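One structure, pasted below without further comment.
The values are calculated or read from the model by the stated rules, or taken from the named source; none is laboratory data. Everything numeric in this text was worked out from a predicted model, so none of it was measured. Please note: Cβ atoms are built from the backbone with ideal geometry, for glycine as well, and neighbour counts cover all protein chains shown.
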Amino acid sequence: MDEQDALSFISFLESLGLVHLQGEESIDFAIVLQGQNDSSKCEWLERFQIDYQGTLLEVAAFVDSEGDVHLGEEPGDFVAPDGWSLDDAITYHESRDDLTYLKSQSSDGGGIIDHYLSSDGQIIYVGRQARWFDLPFLCLLRMPLRLSVLTSALGAVLGQTFIATRSGWISGCFLGGLFGLVLCSQFAKEFPMTPLWIRRLLGGY
């Protein structure tokens, strides 16, 4: 699940009266992030590792009120979504900083599928809900270079119109491009296609 979708799901459950965290302890429901260290505690959830195809895989199991851990019928059994594969999970979670965004496309269910290119040349697909920045024109906010070119051109036109000198269109071009970059930076941390180091720098997840 996309991080923003997970946060939206948490907010939805909390709106129904469920409690997510009290301090660092999960109460009514817990969120387990694959491939990431989680410091929260949960008395009814057991986290452990199993050997799956020669790889240690992090999984979780329900713990009842008597302290019994509910596992599958066979050792190493676990539940995963349709289409899940170990190779894709490892590629995505171990090299997210190296993924290059390619494009987004609408899915049949009304959602969005983001396409990424991994450092070893594999195409990674990540599904998520459609959000405001997927709308026509607004999608330019997630494309800083394209938006900056447009705002730079607009600035040059305005500069030439109102100042009518060579320095006027140059200043307008510069200020327009700068405005485009600043505008993108205000929302960049919300875009899943923004590189992780930039999102972290801007205070995002």
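Among the hydrophobic types (A, V, I, L, M, F, W, C) and in contact (Cβ under 8 Å) with a residue 40 or more places away in the chain: does that describe L150?
No; evaluated as a whole, the condition is false for this residue.
So which of S148, S171, S119, S152 ends up being modelled with pLDDT under 85 and either part of a helix (DSSP H, G or I) or assigned by TED's automatic domain parsing to the domain that holds K103 (or both)?
When all the criteria are applied, what remains is S119.
Right, something else. Of the residues A61, A30, which single one is modelled with pLDDT of 80 or more and assigned to a strand (DSSP E or B)?
A61
Here is a follow-up. Which pairs do you get when a residue that is under 16 Å from E3 (Cα atoms), found in the stretch 181-205, comes within reach of a residue that is modelled with pLDDT of 75 or more and polar (S, T, N, Q), reach meaning Cβ atoms under 6 angstrom, with the pair 6+ apart or on two chains?
What qualifies is A188/T194.
Turning to a different aspect of this structure: Tell me whether the stretch 123-143 contains one or more residues that are at pLDDT below 75, part of a helix (DSSP H, G or I) and of a type in the set (K, R).
No, every residue in the stretch 123-143 fails to be at pLDDT below 75, part of a helix (DSSP H, G or I) and of a type in the set (K, R).
Of the residues L13, L18, L56, only one is of a type in the set (A, V, I, L, M), free of Cβ contacts under 8 Å to residues at least 24 places away in the same chain, closer than 30 Å to F191 by Cβ and not in a loop (DSSP other than H, G, I, E, B); which?
L13
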